[in-house]
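Read-outs throughout are calculated quantities, based only on the coordinates presented, and are distinct from any laboratory measurement. Not measured: the values here are computed from a predicted model. Here the Cβ positions follow ideal geometry from the backbone for every residue, glycine too, while neighbour counts run over all protein chains shown.
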Amino acid sequence: MNRFLKILFIVLIVRPLVLIILGLNIRGREKLPLTGPAVIAANHNSHLDTMVLFSLYPLSAVHKLRPVAASDYFMRNSVIAWFSQNVIGIIPIGRTGKANKDEIFSGCHEALDNDDIIIVFPEGTRGEPEQISKLKKGIFYLVKDRTDTQIVPLVTHGLGRALPRGEALLVPFNCDVAVGESLPTVNTSSELLALLNDSYSSLLKDCLTYKKIK
């Protein structure tokens, strides 16, 4: 990853896009981890999700943000692969299910060992606009042996309407970000997913756009 290119991309593209075109209501920004090892566990409705998270961080720390992304999508050709790895700084991960867990999460563990902050979408893929899909167990297997790593739940709302899955045209919508408290350590995947679901439900209530829809 090229730190200078990432900062340039955020200054020239990401921040103007998010702050001027979209408009953002932020709750709990002070709860964002500024140092790793840490995992931000966010819902996923749009490719804008990662860009919005980038915009929340000071430029001095944004190089530590490493989104976990599907290798079959973000590594599908040399141009996209170069941009994804050198500018965005993704950690590519396979979704075939053929590799063992150590191989699947090796890049994530390397990043966490480097005190990075990785962005994980526990739904596994972008869901329907403004709906949270069933959470997958992968996040538990990522952190189960890492007592040094905090998990911070985060919810976005409105981005699924601003740039839905399968659409290329950005529609200006007011959007929300709500950040929760770090989750306690648990012993099973079901406990962790229950905590995440509860956090998401609670954080959605802090989203102004969610209240308007309800």
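What percent do you get for the relative contact order of the chain when only Cα pairs under 8 Å and 6+ apart count?
Details: 370 pairs, mean separation 61.7, N = 214.
It comes to 29 percent, rounded to a whole number.
If I require 18 Å or longer along the helix axis, counting alpha carbons, and a Kyte-Doolittle average no lower than -0.5, what helices from the chain are left? Use full DSSP H segments. It would help to have the intermediate numbers written out before the result.
Working: long enough: 189-204 (22 Å, 0.55).
Span-like helices, by this rule, are 189-204.
Mind checking the dipole of the stretch 3-213: about its Cα centre, +1 per Lys or Arg Cβ, -1 per Asp or Glu Cβ, Debye to the nearest 20?
Details: 23 positive and 20 negative charges, 90 e Å.
The calculation lands at about 440 debye.
Think of it as helices only: each DSSP H run of n ≥ 4 in the chain is worth -39500 (n - 2.57), and spread over all residues that comes to -8000 deg cm²/dmol at 222 nm.
Net charge near L192, counting Lys/Arg +1 and Asp/Glu -1 over other residues with Cβ under 9 Å of its Cβ? Don't skip to the end; give the middle numbers.
Details: positive: K137, K144; negative: E191.
Around L192, the surrounding residues sum to +1.
Largest GNM mean-square fluctuation across S78, S190, S133, computed for the chain with C-alpha springs under 10 Å, falls on S78. One decimal place: the segment D198-I20 gains 60.9 nm when fully extended, by the rule 0.36 nm per residue minus the C-alpha distance. In order along the stretch 25-33, the phi-based Karplus estimate (6.51 cos²θ - 1.76 cosθ + 1.60, θ = phi - 60°) of 3J(HN,Hα) comes to 9, 10, 10, x, 4, 5, 8, 5, x Hz; Gly and Pro are listed as x. Modelled spin-label separation between E30 and K144, with each label point placed 7 Å from Cα along the Cα-to-Cβ direction: 3.6 nm. Under 12 Å from the Cβ of I26, count the other residues' Cβ atoms, weight Lys and Arg +1, Asp and Glu -1, and hand me the total. Combined, the nearby Lys, Arg, Asp and Glu give 0.
Put a plus charge on the Cβ of each Lys and Arg, a minus charge on the Cβ of each Asp and Glu, and nothing anywhere else: the dipole of the stretch 1-92 about its Cα centre is then about 200 debye.
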